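The values are calculated or read from the model by the stated rules, or taken from the named source; none is laboratory data. Small disclaimer: the values here were computed from a predicted structure and weren't measured. As a convention, Cβ positions derive from the backbone with ideal geometry for all residues, glycine included, and neighbour counts pool all protein chains shown.
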Amino acid sequence: MLVRAETEARLQEKAKNIRRHIITMLAQAGSGHPGGSLSIADIVTALYFAVLKVDPANPQWEERDRFVLSKGHACPVLYGALAEAGFFPLEELKTLRKINSRLQGHPDMRKTPGVEMSTGSLGQGLAAANGMALAGKLDQRDYRVYVVLGDGEVNEGMVWEAAMAAAHYGLDNLTAFLDYNGLQIDGPVGEVMATAPLEEKWAAFGWHVLTIDGHDFGEILAAVEEAKKTKGQPTMIIAKTVKGRGVSFMENEVGWHGKAPDEKQTAQALAELA
Amino acid sequence: MGEKIATRDAYGEALAQLGRSNPDIVVLDADLSGSTKTAVFAREFPQRFFNMGIAEANMMGTAAGLAAAGKIPFASTFAVFATGRAFDQVRNSICYPQLNVKIAATHAGLTVGEDGASHQSVEDIALMRALPNMTVLVPADGVEARLAVRAAAEHVGPVYLRLGRPKVPVIFGDDYSFEIGRAVRLREGSDVTLAACGYMVGPALAAAKLLAGEGIEARVLNMSTLKPLDGDALLAAARETGALVTAEEHSIIGGLGSAVAEFLGQEYPVPVLRVGIGDTFGESGPPEELLEKYGLTAGDILAAAKKAMGMK
């Protein structure tokens, strides 16, 4: 799908701002997970600024679309998007991981406006998203549920329990993204645990599977539209991404999974994201 | 003894009844609906019943999502799987976000019987009691189980409801009232207090009767809410009777005995002896014989009561 040039430009600008927030937040916190936050920055930007029906002034609006960040450690990208969308002040981003902050090291739905599910223990977000999608069907509501999983996260057996159930219950109001950046904490996915072939696995579990470039807004939005049109089964969008995307020295570097940049690195990263 | 009803049967009936009056009630099971008795609800409300297959972790996570969307899910399986297999999901997806999920776990304790240790949860109360935001209920008979199901549905927040497999004598009349957090005094007495929960309330009452025959008046407390604990009832018991015996079909580590000893140790130290399963797994056998072998009889409670009185 061709995205209108102005939409593309608007999303590019938002994604850049959110990436800058990620770097600044982590630098101020002194810890956190940049690699997997940057790899899904375009997906999360597309969702919050071109897809999700949400109301920042009324985060509990019953008809809202739901977004569950199953790979909870990537919450800096979620916080950046929520703040940009107006769920809470941008100023608050600097409190990430600090005591008494509403921005916990992993998402806490009771503390942060706009966070739909507390996650962090990997593998659990898809099941929660399934529950939200089931409730939406029961109540005949039109809302849709979106979830982002990590490619390391799918090592968890529970993901496959949830994959089975989503297809069993025909949850076509559910769309999942798999952040296929190819790296997990201990090294390349596949060396740590052989998860491939992911397309075939999700298809075998009964999902409609699409593979896209997770940094191309046109492809992201086209996949979301196709998912909306897909009836009777959930859609898995396998998004090929680059871990650390947007910051040259973080890209494809496993060491940037879970550490904050120092002062010099922060300056360089922000210069690249100017 | 008169009528006998399994607490799981009372659960099944109460759940279906609840379903009739509250459309937000939904039920999940992990391929055990015939045993947990959620099948009663499933027959009447197929749209609101979700069989999740033999996948307890996913069942708990799905229940969390349903609760996040405004439903009141009851998730059922055997206690050993609900609390052990899915512990992290109960912790992180239910208790931490304070989601309104009711975990109704059946087949708790040794009275599972012949299936043996793999299916006999001796540690579920300890696990659930340690979780912040969790309410823990252990009804003693069918009457109390029905009321506890209703109270659990009305309570906003996570609840663990511990239910048993065997038929147990009905202890309470139709006028019995149940309130979360309130211990019920079933018998007056000032020599010693027998504080029991679940299956062991019956044997505690029997022990009190035997003690009375020897001139010892035992107070009997039904501690059907393990968390929040009824501190006032325990303080009164400690002050007025000076010694307590706890009785539970659970490990003496982390269950009712621990809860009572923890509380009184800080607030009003008196002898507290714990009747329960020692630090061991169970085994196959008929329930009654297992209870005998593992020291969970009226006689065991009686002996502990005398010993506790001697320690005053």
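Some notes on this structure:
- For the range B:97-108, the candidate set comprises residues that are of a type outside the set (G, A, S) and touching a residue at least 60 places away in the same chain (Cβ under 8 Å); within that set, the residue that is nearest to the other protein chains (Cβ to nearest Cβ) is B:Q98.
- Residue that is farthest from the other protein chains (Cβ to nearest Cβ) [pool: residues in the range A:154-192 that are buried (at least 17 other Cβ atoms within 10 Å of the Cβ) and charged (D, E, K, R)]: A:D179
- Test: residue in the range A:88-99 that is farther than 25 Å from A:Q12 by Cα and either at pLDDT below 95 or of a type in the set (V, I, T) (or both): yes
- Any hit, the range A:99-113, residues being closer than 24 Å to A:D179 by Cβ, of a type in the set (A, V, I, L, M, F, W, C) and within 14 Å of another protein chain (Cβ to nearest Cβ): yes
- A single entry from A:T195, A:T211 fulfils the requirement of being polar (S, T, N, Q) and either in a loop (DSSP other than H, G, I, E, B) or surrounded by 23 or more Cβ atoms within 10 Å (Cβ to Cβ) (or both): A:T195.
- Residue in the range A:69-77 that is assigned to a strand (DSSP E or B), at pLDDT 95 or above and surrounded by 24 or more Cβ atoms within 10 Å (Cβ to Cβ) present: yes
- Residues of the range B:29-50 satisfying the condition of being closer than 21 Å to B:D115 by Cβ and touching a helix residue (DSSP H, G or I) at 6+ places or on another chain (Cβ under 7 Å): B:D29, B:A30, B:S33, B:T36, B:K37, B:T38, B:A39
One line per residue, one yes/no per condition, for (1) assigned to a helix (DSSP H, G or I); (2) buried (at least 24 other Cβ atoms within 10 Å of the Cβ):
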| position | (1), (2) |
| --- | --- |
| B:S177 | no, no |
| B:A212 | yes, no |
| B:R219 | no, no |
| B:A233 | yes, no |
| B:A247 | no, yes |
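- Hits in the range B:52-84 (condition: among the polar types (S, T, N, Q) and more than 9 Å from chain A (Cβ to nearest Cβ)): B:S76, B:T77, B:T83
Yes/no matrix, rows are residues, columns are (1) under 18 Å from the mean Cα position of the chain (by Cα); (2) in a helix (DSSP H, G or I); (3) on the phi < 0 side of the Ramachandran plot:
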| position | (1), (2), (3) |
| --- | --- |
| A:R97 | no, no, no |
| A:S101 | no, no, yes |
| A:M109 | yes, no, yes |
| A:P113 | yes, no, yes |
| A:S121 | yes, no, yes |
| A:Q140 | no, no, no |
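- Selection status of B:G257, under 21 Å from B:D141 (Cα atoms) and in a helix (DSSP H, G or I): yes
- For the range A:159-180, the set of residues classified as aliphatic (A, V, I, L, M), within 17 Å of the chain's Cα centre (by Cα) and not in a helix (DSSP H, G or I) consists of A:L174, A:A176, A:L178, listed by residue number.
- Pairs meeting the criteria (first residue in the range B:75-96 and among the aromatic types (F, W, Y), second residue part of a helix (DSSP H, G or I), beta carbons under 8 Å, at least 6 apart or on different chains) are B:F78/B:S35; B:F78/B:T36; B:F78/B:V112; B:F78/B:H119; B:F81/B:E56; B:F87/B:L127.
- Check on B:T111, surrounded by fewer than 24 Cβ atoms within 10 Å (Cβ to Cβ), more than 7 Å from every other protein chain (Cβ to nearest Cβ) and modelled with pLDDT of 95 or more: yes
- Hey, A:K94 surrounded by fewer than 19 Cβ atoms within 10 Å (Cβ to Cβ), within 12 Å of chain B (Cβ to nearest Cβ) and of a type in the set (K, R) or not: no
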